[in-house]
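J.: Sharing a structure here in structure tokens format.
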Amino acid sequence: MKISVSPKEPQYDLRELDVAVRVVKQRGIVALPFERLFGLAADAWDAEAVARVAAIKGRPADAHGLQPISVVVPDLDAVTRLTKSFGPLARRLADRYWPGPLTILLEAAPGLPAPLLGPRGLIGLRIPGPSPAAELVRRTGLVLTATSANLSGGADARSHEDITDLIGPDLVVKGHVPGPPGSTVVDASTTRPIVIRSGVISLDEEK
């Protein structure tokens with residue numbers, strides 16, 4: 001596994017997560033540091049909360065297949081509830097790279113909010129590596145949205161100071177992150193991994 005590590009490690013105050021937990025459980029939206037970028041976290045099973053996340057990003061709430069919102073999960077049991085199949089390829093990738101910035105695309109289970117689904121009915125998910133987002137998903141036990149805290153096509157946020165103009169989050173957790181690249185996105189819905197977006201993890205050895 002090849003990971004490019006910035007010399008500037010994430011900095012944050014975990015005490016703020018006590019408030020973040022309450023906000024998410026009350027159907028709110030939190031902007032906070034993930035491993036590499038600031039992201040927007042909300043209960044991914046709550047269609048109204050997910051629609052709000054899409055609106056903050058400037059995306060139509062019913063935009064099925066248009067830049068789907070990925071999710072982070074607390075454990076592998078959550079993966080099986082979100083997907084129709086968690087096959088050998090996906091399990092191998094998860095065992096090797098999770099927790100960490102590898103988003104795995106799999107066929108989604110029925111009933112998920114439309115903004116989470118890609119054009120082939122796939123959902124992107126991962127167990128996050130050390131970060132406030134990882135602590136939040138662990139404390140809540142929920143599946144949370146994991147999309148960058150910016151307008152679609154806008155500059156990536158590396159600090160809470162970079163998202164002061166973003167309208168909609170109920171809470172912003174202070175902190176700094178290394179910055180791009182973000183997670184690598186790989187389609188594992190077939191027998192061979194297909195890299196959809198290159199990121200911090202290189203999957204060259206998986207081909």
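J.: Which condition breaks for residue 86 when tested against (1) without any contact (Cβ under 8 Å) to a residue 24 or more places away in the chain; (2) crowded, with 20+ Cβ neighbours inside 10 Å; (3) not basic (Lys, Arg)?
T.: Against the list (1) without any contact (Cβ under 8 Å) to a residue 24 or more places away in the chain; (2) crowded, with 20+ Cβ neighbours inside 10 Å; (3) not basic (Lys, Arg), residue 86 comes up short only on (2).
J.: Please state which one of 117, 142, 125 is within 20 Å of residue 47 (Cβ to Cβ), within 11 Å of the chain's Cα centre (by Cα) and not charged (D, E, K, R). Please lay out each step first, then the result.
T.: Numbers: 117 fails: within 11 Å of the chain's Cα centre (by Cα); 142 fails: within 11 Å of the chain's Cα centre (by Cα).
Step by step, each of 117, 142, 125 is checked, and only 125 is within 20 Å of residue 47 (Cβ to Cβ), within 11 Å of the chain's Cα centre (by Cα) and not charged (D, E, K, R).
J.: Might you check whether a residue that is closer than 27 Å to residue 202 by Cβ, surrounded by 15 or more Cβ atoms within 10 Å (Cβ to Cβ) and at pLDDT 95 or above occurs anywhere in the range 107-114?
T.: Within the range 107-114, the first condition is being closer than 27 Å to residue 202 by Cβ, and the residues that meet it are 107-108.
Still in the list and also surrounded by 15 or more Cβ atoms within 10 Å (Cβ to Cβ): 107-108.
Now drop any that are not at pLDDT 95 or above, which leaves 107-108.
Checked against the condition, which is being closer than 27 Å to residue 202 by Cβ, surrounded by 15 or more Cβ atoms within 10 Å (Cβ to Cβ) and at pLDDT 95 or above, the range 107-114 yields at least one hit.
J.: With the structure loaded, tell me whether residue 175 is under 14 Å from residue 36 (Cα atoms), surrounded by 17 or more Cβ atoms within 10 Å (Cβ to Cβ), of a type outside the set (Ser, Thr, Tyr) and touching a helix residue (DSSP H, G or I) at 6+ places or on another chain (Cβ under 9 Å) or whether it fails that test. Full working, then the answer.
T.: Numbers: under 14 Å from residue 36 (Cα atoms): yes; surrounded by 17 or more Cβ atoms within 10 Å (Cβ to Cβ): yes; of a type outside the set (Ser, Thr, Tyr): yes; touching a helix residue (DSSP H, G or I) at 6+ places or on another chain (Cβ under 9 Å): yes.
Yes: the conditions hold for residue 175.
J.: Check off (1) in contact with a strand residue (DSSP E or B) (Cβ under 8 Å, 6 or more places away or on another chain); (2) under 27 Å from residue 96 (Cβ atoms); (3) at pLDDT 90 or above; (4) not hydrophobic (A, V, I, L, M, F, W, C) for residue 27 and give me the number that stays unchecked.
T.: The single condition residue 27 does not satisfy is (2).
J.: Just to be sure before I move on: is residue 81 in a helix (DSSP H, G or I), modelled with pLDDT under 95 and not small (Gly, Ala, Ser) in the structure I sent?
T.: Details: in a helix (DSSP H, G or I): yes; modelled with pLDDT under 95: yes; not small (Gly, Ala, Ser): yes.
Answer is yes for this residue.
J.: Now a separate question. Hey, can you tell me all the residues within the range 138-172 that are surrounded by fewer than 17 Cβ atoms within 10 Å (Cβ to Cβ) and among the β-branched types (Val, Ile, Thr)?
T.: Across the range 138-172, the qualifying residues are 164, 167.
Residue-by-condition table, conditions (1) hydroxyl-bearing (Ser, Thr, Tyr); (2) without any contact (Cβ under 8 Å) to a residue 12 or more places away in the chain; (3) assigned to a loop (DSSP other than H, G, I, E, B):
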| residue | (1), (2), (3) |
| --- | --- |
| 136 | no, no, no |
| 155 | no, yes, yes |
| 180 | no, no, yes |
| 195 | no, yes, no |
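J.: Please go through the range 30-48 and pick out each residue that is buried (at least 23 other Cβ atoms within 10 Å of the Cβ) and aliphatic (A, V, I, L, M).
T.: 30, 31, 32, 37, 40, 41, 42, 44
J.: Going by the structure shown, is residue 126 buried (at least 20 other Cβ atoms within 10 Å of the Cβ), touching a Ser or Thr at 6+ places or on another chain (Cβ under 9 Å), within 30 Å of residue 88 (Cα to Cα) and of a type in the set (D, E, K, R)?
T.: Working: buried (at least 20 other Cβ atoms within 10 Å of the Cβ): yes; touching a Ser or Thr at 6+ places or on another chain (Cβ under 9 Å): yes; within 30 Å of residue 88 (Cα to Cα): yes; of a type in the set (D, E, K, R): yes.
In short, yes.
J.: Looking at the structure I just gave you, is residue 161 under 25 Å from residue 32 (Cβ atoms), free of Cβ contacts under 8 Å to residues at least 12 places away in the same chain and either small (Gly, Ala, Ser) or assigned to a helix (DSSP H, G or I) (or both)? Lay out the reasoning, then the answer.
T.: Details: under 25 Å from residue 32 (Cβ atoms): yes; free of Cβ contacts under 8 Å to residues at least 12 places away in the same chain: yes; either small (Gly, Ala, Ser) or assigned to a helix (DSSP H, G or I) (or both): yes.
Considered against the rule, which asks whether it is under 25 Å from residue 32 (Cβ atoms), free of Cβ contacts under 8 Å to residues at least 12 places away in the same chain and either small (Gly, Ala, Ser) or assigned to a helix (DSSP H, G or I) (or both), residue 161 comes out as yes.
The values are calculated or read from the model by the stated rules, or taken from the named source; none is laboratory data. What you see is a predicted model, and the numbers here were worked out from it, not measured in a lab. With ideal geometry, Cβ positions are generated from the backbone for all residues, glycine too; neighbour counts draw on all protein chains shown.
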